[in-house]
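The values are calculated or read from the model by the stated rules, or taken from the named source; none is laboratory data. Computed from a predicted model, the values in this text were never measured in an experiment. To get the accessible areas, we keep the full protein, side chains included, count just its heavy atoms, and leave off ligands, DNA and RNA. Shrake-Rupley method; radii C 1.70, N 1.55, O 1.52, S 1.80 Å.
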Amino acid sequence: MTYEHLVVAIEEPIAVITLNRPQVLNALSQGVMQELAAALEACDQDARVRCAVLWGGPRAFAAGADVREFAERTPGDMLRSYRFLEWERIRRVATPIIAAVTGYALGGGCELAMACDIIVAAETAQFGQPEIQLGLMPGAGGTQRLTRAVGKSRAMEMILTGRPITAGEAYAAGLVSRVVPAELCLDEAKALAKEIASRPPLAVRTAKEAILQAFETPLADGVLFERRCFNVLFGTSDAAEGVHAFLEKRAPKWTGR
């Protein structure tokens, strides 16, 4: 596919997807979200891709939604626009997604980073939900994912004041997995993606699904789901290969079967 708002590069065994609206700090228009959902779904269908990296370039990951699309909108307009359909498509992507965040990740940009599976942040990164300053609130999962990531008190402060936090604060709060110098952010994310891509692909996708269940179900239901996934993996060739390779003291050869 060709994209108007994205640059997609396949660097086997990973894909690097770059948001490409630098003139508006990668504001997340409906068109951007439609292309992004399609690009990530394509990763699921591409046997060459075992992990994806999403970044926005050196200035900003994404500075928020494209506010121009909100002007004069009514509740009925928002309901009829199916604006959040693409976010649900992204949530269902099986391929692990790493967000490489340099600069601003605000509003929808912060929500998009949180919709990814791992966040690698540059020291220059800022995370925030400033929608309150427009008389609005997060609408793409911000109140839910941020609360689960950093806890109720910190989420309340960020959302009700609209003030952003630094990369260091985000790391201390558990929002991001690591903080690196800005010039190394993309390379660090790509190295992590390649490490994940070197693992057995069926186990990786199944483990991702089980972890996401922890956000969406009570503990008892999540543990039951995990146990079922664990048992199912014993029917895969990769599981047999992994066990035998360990016992035979050799490197495993993953086939994704």
ILE119 accessible area, 1.4 Å probe, all protein chains in place, Å² to nearest 10: 10
- request: Would you please classify the overall shape of the chain from the alpha carbon gyration tensor, given that a ≥ b ≥ c denote the square roots of the eigenvalues, rounded means a/c under 1.5, and beyond that prolate means a/b larger than b/c while oblate covers the rest?
  value: prolate
field: Difference of contour (0.36 nm per residue) and Cα-Cα distance, ARG68 to ARG228
entry: 53.0 nm
statement: Here the gain from full extension of SER153 to GLU12, 0.36 nm per residue of separation minus their alpha-carbon distance, amounts to 46.6 nm
field: the stretch 135-245 - percent of accessible surface contributed by carbon and sulfur, probe 1.4 Å
entry: 60
- prompt: Of all DSSP beta bridges in the chain, what percent run antiparallel (nearest 5)?
  reply: 25
task: Enumerate the calculated ³J(HN,Hα) couplings along the stretch 179-189 in order (Karplus 6.51 cos²θ - 1.76 cosθ + 1.60, θ = phi - 60°), each rounded to whole Hz, writing x wherever the residue is Gly or Pro.
output: 10, 9, x, 4, 6, 9, 4, 5, 4, 5, 5
statement: Along the stretch 40-57, Karplus-curve 3J(HN,Hα) (6.51, -1.76, 1.60; θ = phi - 60°) to the nearest Hz, with x for Gly and Pro, reads 6, 4, 5, 4, 4, 9, 9, 5, 6, 9, 10, 7, 10, 10, 10, 9, x, x
- request: Give the Rg (one decimal place) followed by the Dmax (whole number) of the stretch 116-219, computed from C-alpha coordinates and expressed in Å.
  value: 15.5, 46
field: Folded to 0 to 90 degrees: helix 219-233 orientation relative to the chain principal axis, Cα
entry: 40
- prompt: Got a number for carbon plus sulfur as a percent of the stretch 1-109's accessible area, 1.4 Å probe?
  reply: 55
- request: Find the accessible area per residue for the stretch 1-129; the probe is 1.4 Å, ligands and nucleic acids are left out, and the unit is Å².
  value: 43
- request: Determine the distance separating the Cα centre of the stretch 85-118 from the Cα centre of the stretch 1-67; give it in Å without decimals.
  value: 10
query: Once you sort the root eigenvalues of the Cα gyration tensor of the stretch 169-256 as a ≥ b ≥ c, which label holds: rounded (a/c under 1.5), prolate (a/b larger than b/c) or oblate (the other case)?
result: oblate
statement: Taking a ≥ b ≥ c as the square roots of the eigenvalues of the Cα gyration tensor, with a/c under 1.5 meaning rounded and otherwise prolate when a/b exceeds b/c and oblate if not, the stretch 13-118 is oblate
